[in-house]
Amino acid sequence: MPTYTIASLLETFNILRSSYPQYLFLSPVYNITMTAVPRKDMVKHYKPEEKLAELFKKPRLDSLQKKAVRLVSSLSKLSNAPPNNFGITGSVLLDIHNPFFSDIDITIYGAEKSHTVKNTVKRAFREGSSGVDRFGREKLKQWCLNKTQNHRISLADAKKIYGRRWNIGVFDETSFSMHPVKLEEELKEKYGDKTYYPAGTVTVRAVVVDSLDSIFLPAVYGVEEVEIESINVNIKEVVSYEGLYDSLADKGETIEAKGKLEHVLDNRTGEKYDRVLVGSPEGKGKEYIKPI
């Protein structure tokens, strides 16, 4: 994928349909086609936490691996989160990185530790110490231009969104990203507990009443006071599978979202409600969330 966008994702779907249709899966739960590898075809499970532990013990590391270990050590010390609450993903996980230009991609395990690290990084950005910094002027300019080219947002929107970002930055002249992950015991829903039915495209404005899960993927915003024209719906959530829109708004703030309306059926309780999904294949990259 040349870019992590819906357009690139749809192109991979076309390649799979023509050459590897066994890797496309029509989900009866989400009622969409998605990429999925059958379990019988899986050879190895790469675990970020195991790879990071390996790097901490390894006597010889290349320059990027050393930098990744130093970044995690710094984050761990600043946040009082043990190193085993972190992992390394991306190209370093697979040993396909290039020390001269690859980024550092970190995972954080556990909801409580993830929020603690989030607050720690935001404080580090403000204080300008510890080597954890925001993008410089030129890098920020390129980041914003890239987002305007690949998403339906303006340059002003991109700058505003970047101002909310806590999980991307620079460490010792190398870009990094951080990806919070819930522990298995923290999950409240498993595949099949709910069924999702597509119901067209909508644009809404709403007040965020719960943003705790907005740091994860998917990013979930509990909402109330939803403004929408000419449709009788009960929208309780705005959910984004597009990583650009995580951590975008806090409780009490207003957001505007364009996405796929889904009717949700909780198969455990029979409850029915609606949500707006941002980052759907049907949206073809035209969906968004904006802080107002």
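Miscellaneous remarks
- Restricting the range 57-80 to residues that are of a type in the set (Gly, Ala, Ser) and out of contact with any Ser or Thr (no Cβ under 8 Å at 6 or more places or on another chain), the residue that is surrounded by the most Cβ atoms within 10 Å (Cβ to Cβ): 68
- Leading residue by the ranking (surrounded by the fewest Cβ atoms within 10 Å (Cβ to Cβ)) among those in the range 1-56 that are in a helix (DSSP H, G or I), touching a Ser or Thr at 6+ places or on another chain (Cβ under 9 Å) and β-branched (Val, Ile, Thr): 12
- Cβ-Cβ under 7 Å pairs, at least 6 apart or on other chains, the range 153-178 side touching a residue at least 40 places away in the same chain (Cβ under 8 Å) and acidic (Asp, Glu), far side surrounded by fewer than 19 Cβ atoms within 10 Å (Cβ to Cβ) and outside any strand (DSSP E or B): 172/131
- When the range 58-105 is filtered for residues that are among the aliphatic types (A, V, I, L, M), in contact (Cβ under 8 Å) with a residue 40 or more places away in the chain and in a helix (DSSP H, G or I), the ones remaining, listed by number, are 64, 71, 75, 78, 92, 93, 94.
- Considering each residue of the range 111-120 in turn, none proves to be closer than 30 Å to residue 9 by Cβ, assigned to a loop (DSSP other than H, G, I, E, B) and touching a Phe, Trp or Tyr at 6+ places or on another chain (Cβ under 9 Å).
- So residue 242, is it outside the structural domain of residue 113 (by TED's automatic domain parsing) and without any contact (Cβ under 8 Å) to a residue 40 or more places away in the chain: no
- Test for residue 113: is it more than 30 Å from residue 29 (Cα to Cα), buried (at least 16 other Cβ atoms within 10 Å of the Cβ) and touching a strand residue (DSSP E or B) at 6+ places or on another chain (Cβ under 9 Å): yes
- Spans of strands (runs of 3 or more DSSP E) in the range 178-292 with at least 2 residues surrounded by fewer than 18 Cβ atoms within 10 Å (Cβ to Cβ): 194-210, 219-227, 254-266, 272-278
- Inter-residue pairs, beta-carbon under 6 Å, first within 11 Å of residue 75 (Cβ to Cβ) and free of Cβ contacts under 8 Å to residues at least 60 places away in the same chain and in the range 112-126, second in a helix (DSSP H, G or I) and not charged (D, E, K, R), 6+ apart: 113/85; 116/79; 120/78; 120/79
The values are calculated or read from the model by the stated rules, or taken from the named source; none is laboratory data. Keep in mind it's a predicted model, so treat the numbers as computed, not measured. All Cβ positions, even for glycine, are placed from backbone atoms using ideal geometry, and neighbour counts span all protein chains on display.
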